[in-house]
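The values are calculated or read from the model by the stated rules, or taken from the named source; none is laboratory data. None of these values were measured; they are calculated from a predicted model. Heads up, the Cβs are rebuilt from the backbone with ideal geometry, glycines too, and the neighbour counts pull from every protein chain shown. SASA here: full protein model, heavy atoms, side chains in, ligands and nucleic acids out. Shrake-Rupley method; radii C 1.70, N 1.55, O 1.52, S 1.80 Å.
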Amino acid sequence: MTFSLTEEQAADGLAVARRTLELLRGVPEFGDRYAQAAAPSTLAELAALPPLAKDDLNTALAHLEPAAEHGATWLFQSGGSTGAPKVGYAPTGFYMAKVFEHWRPLERDDVFVNAWGAGRMWGAHFLAAGLADLSGCRVIALGSVTAEEYPQWLGFLADRKVTAIGGTPSVLRLWFAHARAAGIELPSLRKVLWLGEAWQPQLEEDLAAVAPKARRHGMFGSTETWVVGSNSPDCPADTFHPFPHQLVHVGDGGLLDFTSLDPAMLNPVLRYRTGDAGELGPCPCGRPGPAMRVLGRRDNVVQVRGLGLHVDELLARVEREPDVSRAQVLVTERGGRAQSVDVLVLGALPPGRAEALRRELLAGTFTLSTAFVHDPEQVRVRVVDALVSNERTGKTAGFVVREEA
Ligand SMILES: [Zn+2]
């Protein structure tokens with residue numbers, strides 16, 4: 001199975017793909033890349049179009065500057081994690097009405113804590129707010145809090161008898177770890193909504209202690225595609241049911257690409273690759289139709305505190321230093337959360353240069369400056385005698401993730 005929809009199910013929506021193709025044809029930077037491409041009227045013709053990478057989408061958006069038909073056009077952080085944020089667009093509502101037609105994890109009597117960070121052009125907080133709006137539930141828009149604030153807020157949430165919370169798994173782990181540490185229970189919590197990174201199995205342990213009745217409800221998507229699919233507590237955590245306005249395709253090397261069939265879509269999402277690999281097949285929950293199993297990323301991106309760090313971009317910058325022969329990123333985690341990022345350098349740096357380079361990397365790498373805003377000292381540049389190699393294969397990867405005891 002290579003498409004999430006049948007020929008018949010996709011037929012009407014392909015008009016949107018044809019319109020997107022026309023828009024992409026007009027982007028001067030793409031030259032004649034789409035010149036030979038036929039307007040797709042079948043899935044096979046769609047699969048023959050060139051795929052879009054993250055940078056392509058940003059190139060196209062810079063040229064197209066789309067605007068919403070109704071309401072405001074929102075700008076969100078999209079794509080690369082170094083330098084200034086790249087930009088994706090969405091109209092007010094964030095396409096959640098179409099999601100709500102098929103997926104309703106929140107109900108009117110829920111008390112929902114929106115713990116996705118708000119601000120910094122992040123989209124998840126606002127799309128979750130859009131879903132809550134459609135659900136008609138009560139909302140506590142909490143966003144991110146600092147380490148000292150957890151016990152106090154947890155007490156407040158327990159008093160309010162919250163029934164649902166949503167965030168990235170990394171952030172949810174912090175909430176539940178602090179609750180466990182403070183001996184706070186949330187017995188009324190029944191739903192945990194998540195989006196932004198893979199589910200972390202350790203969360204089940206936290207939930208058993210803090211909120212034994214809570215079950216997970218996941219979304220899969222990106223700021224470019226917006227929400228592509230969702231799952232229920234009966235689905236495996238890595239498996240999502242794509243929505244009918246999102247066409248999922250499994251391409252070469254198992255790489256997933258996404259095509260929007262929503263006429264209101266502002267980003268030109270046509271065979272867009274997020275870098276995730278996956279497969280389509282039946283879901284153990286028994287719901288009919290193909291479900292998308294996400295098998296992880298195939299590009300060199302490591303998750304650091306819920307944000308993607310593009311390792312190759314970072315290493316390229318360090319390896320431009322004179323007398324540096326090679327560099328490696330070492331992420332040290334404790335309980336699944338990144339504690340520190342070390343850039344290991346093989347070679348020599350003049351006195352003071354390591355610190356200057358550290359400051360440059362922090363300032364110039366969006367993921368690092370954002371993820372370590374409260375503890376920038378946890379990002380280090382270190383000259384070493386040897387990089388970390390895999391003893392079994394002898395390979396030295398661009399990044400290594402190490403779990404601290
Ligand atoms: Zn399922």
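Solvent-accessible surface of the range 301-403, taken per residue with a 1.4 Å probe and all protein chains present: 49 Å². With the cut-off at 27 Å, report for the range 87-297 the share of all Cα pairs above it, as a whole percent. Here the tail beyond 27 Å accounts for 30 percent of pairs.
Please report the carbon-and-sulfur percent of the accessible area for the chain; probe 1.4 Å, protein heavy atoms only, DNA, RNA and ligands left out. Result for the chain: 52 percent of the exposed heavy-atom area is carbon or sulfur. Residues whose amide H comes within less than 5 Å of that of Gln246, counting only those at least five positions distant or on another chain, are Leu261 (H built at 1.01 Å from N in the peptide plane).
Within the range 349-393, report the GluC sites (Glu not before Pro) that DSSP leaves as loop and that have at most 12 other Cβ atoms within 10 Å. Walk me through the intermediate numbers first.
Values: sites: Glu355, Glu360, Glu377, Glu391; in loops: Glu391.
Sites meeting the loop and neighbour criteria: Glu391.
Taking the DSSP beta bridges with both ends in the chain, the antiparallel portion is around 60 percent.
Over the chain, the Kirkwood radius and the radius of gyration, each from Cα atoms, give a ratio Rg/Rh of 0.97.
Tell me the per residue accessible area of the range 87-297 using a 1.4 Å probe; a whole number in Å² is fine. Could you put the intermediate results ahead of the total?
Numbers: 8050 Å² over 211 residues.
Each residue of the range 87-297 exposes 38 Å² on average to a 1.4 Å probe.
For the range 91-197, the mean projected area of the C-alpha convex hull, equal to one quarter of the hull surface, is 6.6 nm².
Semi-axes of the equivalent ellipsoid of the range 201-292 are 27, 15, 13 Å, computed as sqrt(5λ) over the eigenvalues of the C-alpha gyration tensor in descending order.
Across the chain, the mean sequence separation of Cα contacts (distance under 8 Å, 6 or more residues apart), normalised by length, yields a relative contact order of 15 percent. If you run the Gaussian network model on the chain, springs between alpha carbon atoms under 10 Å, then out of Arg380, Arg138, Arg160 the most flexible one is Arg160. Computed from backbone phi with θ = phi - 60° and the Karplus coefficients 6.51, -1.76 and 1.60, the 3J(HN,Hα) list for the range 155-161 is x, 4, 5, 5, 4, 7, 6 Hz; x is used for glycine and proline. Between the amide H of Arg215 and those of Lys191, Val192, distances stay under 5 Å, these residues lying 5 or more places away or on another chain, with hydrogens modeled in the peptide plane. Share of pairwise Cα-Cα distances greater than 21 Å in the range 1-114 is 56 percent (whole percent).
Coupling constants for the range 6-19 follow from the phi torsions by the Karplus curve (6.51 cos²θ - 1.76 cosθ + 1.60, θ = phi - 60°), and in residue order they are 7, 3, 5, 5, 8, 3, 5, x, 5, 4, 5, 5, 5, 5 Hz; glycine and proline get x.
For the chain, the tally of Lys pairs with Cα-Cα distances below 19 Å comes to 4, considering only residues 8 or more apart or on different chains. The calculated Kirkwood hydrodynamic radius for the range 301-403 is 13.8 Å, given to one decimal from all distinct C-alpha pairs. Applied to the range 248-254, the Karplus parametrisation 6.51 cos²θ - 1.76 cosθ + 1.60 on θ = phi - 60° returns per-residue 3J(HN,Hα) values of 9, 10, 9, x, 3, x, x Hz, with x for Gly and Pro.
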